[in-house]
Amino acid sequence: MNIKWEELGFEFMPTRSNIRFTYENGKWSEGKLFNTYDITMSVASNCLHYGQAVFEGMKAFKGKDGKVRIFRPDENARRLISSCEHLLMATFPEEKFIEAVKTVLLDNLDYIPPYGTGGSIYIRPVMFGTTPQIGISSSLKYELVIMVVPAGPYYKGGIKPVNAMISDYDRAAPLGTGTIKCAGNYAASLYPTKIAKNAGCAVGLFLDPKTHEYIDEFGTSNFFAITKDNKYVTPESPSILPSITNKSLMTIAADLGLTVERRPIHVSELADFAEVGACGTAVVITPVGKIFYGDKVFEYPSEIGPVSKKLYETITGIQYGEIEDKHNWTLEL
Ligand SMILES: Cc1ncc(COP(=O)(O)O)c(C=O)c1O
């Protein structure tokens with residue numbers, strides 16, 4: 001193994017092992033470590049045709065003190081359960097999930113980027129129905145695989161704002177699957193994201209699918225803004241993923257003395273914000289420099305704004321064990 005930590009991006013790479021569980025005859029198996037990424041299943045598997053496939057994403061960080069901290073895995077365990085419930089899949093118990101994350105990390109310790117490289121290890125659980133079936137119904141058999149991938153710092157050479165484009169398309173239906181992390185939501189966001197990329201924007205921003213008047217979220221992250229009177233505002237909507245990063249940032253913002261508002265955000269408000277950002281596990285915070293909406297362009301600072309910077313430093317400080325974790329978010333390995 002010869003990983004060049006400084007060159008790591010956010011791409012799949014095999015590690016020593018992944019842990020797998022099978023649900024069959026109404027119960028989950030014990031976890032087993034595999035050192036292959038292949039799986040054998042029927043081509044009639046439910047997940048391939050009818051889309052019973054959900055996943056999660058979280059990170060663990062090596063601190064200056066040498067300890068490895070997993071960031072809020074209990075939240076990911078619960079979100080996975082809610083995704084499964086929504087798609088009528090078997091659910092995986094929270095405690096067993098956390099044990100499994102620890103087991104796979106312990107077997108892959110040497111794949112966790114060292115402190116100081118800005119990297120982390122990304123943990124990707126994926127669960128899918130494997131019952132062979134042609135009629136549409138819920139699968140009886142499932143696989144849960146938890147893999148880990150070393151990830152570099154998202155921003156090499158400093159945080160730079162990205163441009164976003166408001167999509168004419170929706171990623172989820174008004175009372176559909178927007179609140180869960182199912183594979184289909186991401187398939188649906190690929191085409192609108194391509195349109196945004198073709199227009200020179202790194203990300204697509206989705207409006208609420210019912211009225212197209214309110215901000216929902218980006219394709220892979222939540223939306224937040226800082227108002228000119230120092231409020232942290234983020235959308236309330238029945239079609240966005242409850243981001244664990246956003247939830248944490250709301251708490252940090254309140255700790256820093258900002259008023260936090262979670263409420264519908266009309267698209268016209270984009271003209272008034274002091275700072276706009278995207279937040280999520282992979283990016284932490286990405287400042288947004290411009291938002292294109294039809295023939296309108298909303299502009300924000302060309303460097304990360306002071307409030308976004310403070311939020312970024314605080315959350316990453318907690319993740320690397322440099323700032324006191326007073327809300328008990330991190331779980332030491
Ligand atoms: C659609 C979407 N919204 C928001 C997020 C951010 O969620 P989290 O902060 O839990 O990573 C993600 C990434 O997981 C996402 O895919």
**Study point:** Phi-based couplings in Hz for the stretch 9-16 (Karplus 6.51, -1.76, 1.60; Gly and Pro marked x)
**Key:** x, 10, 9, 4, 8, x, 10, 4
Review point. Taking square-rooted eigenvalues a ≥ b ≥ c of the alpha carbon gyration tensor, is the stretch 278-333 rounded, prolate or oblate, where a/c under 1.5 means rounded and, failing that, a/b exceeding b/c means prolate?
Key: prolate
Point to revise | Whole-angstrom gap from the stretch 276-323 to the stretch 208-236, using each part's C-alpha centre | key: 13 Å
Point to revise | the stretch 108-159: projected area of the alpha-carbon convex hull, averaged over directions, in nm² | key: 6.0 nm²
Exercise for review: Quick one: dipole size for the chain, taken about the Cα centre, charges +1 on Lys/Arg Cβ and -1 on Asp/Glu Cβ, in debye to the nearest 20.
Suggested key: 420 debye
Exercise for review: Could you tell me which trypsin sites (Lys or Arg not before Pro) in the stretch 245-333 are loop residues by DSSP with no more than 11 other beta carbons within 10 angstrom of their beta carbon?
Suggested key: 326
Review point. Roughly how compact is the chain, stated as its Cα Rg over 2.2 N^0.38 Å to two decimals?
Key: 1.00
Point to revise | Dimensionless Rg/Rh of the stretch 1-89 - Kirkwood Rh, Rg from C-alpha atoms | key: 1.01
Study note, to complete from the structure: Semi-axes in Å, largest first, for the stretch 162-319 (Cα gyration tensor, √(5λ)) are 23, 17, 15
Review point. Cα centroids of the stretch 77-124 and the stretch 170-192: how far apart, whole angstrom?
Key: 22 Å
Check your understanding: By what distance, in whole Å, do the Cα atoms of the stretch 5-151 stretch along each of the three principal axes, largest value first?
Key -> 53, 26, 23
**Study point:** Reachable lysines, given that their alpha-carbon falls under 18 Å from the alpha-carbon of residue 67 and they are not under 8 places away in the same chain
**Key:** 59, 102, 326
**Study point:** Debye, to nearest 20: dipole size of the stretch 269-333, +1 on Lys, Arg Cβ, -1 on Asp, Glu Cβ
**Key:** 100 debye
Revision key, fill the gap. Scoring the chain by relative contact order with C-alpha pairs under 8 Å, at least six apart, yields a percentage of 19 percent
Exercise for review: Assign unit charges at the C-beta atoms only (+1 for Lys and Arg, -1 for Asp and Glu), then state the dipole size of the stretch 5-151 relative to its Cα centre in Debye, rounded to the nearest 20.
Suggested key: 200 debye
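Here, each number is a calculation from the coordinates, and none is a lab measurement. Model, not experiment: these values are computed from the prediction. Here the Cβ is made from the backbone with ideal geometry for all residues, glycine too, and neighbour counts use every protein chain on show.
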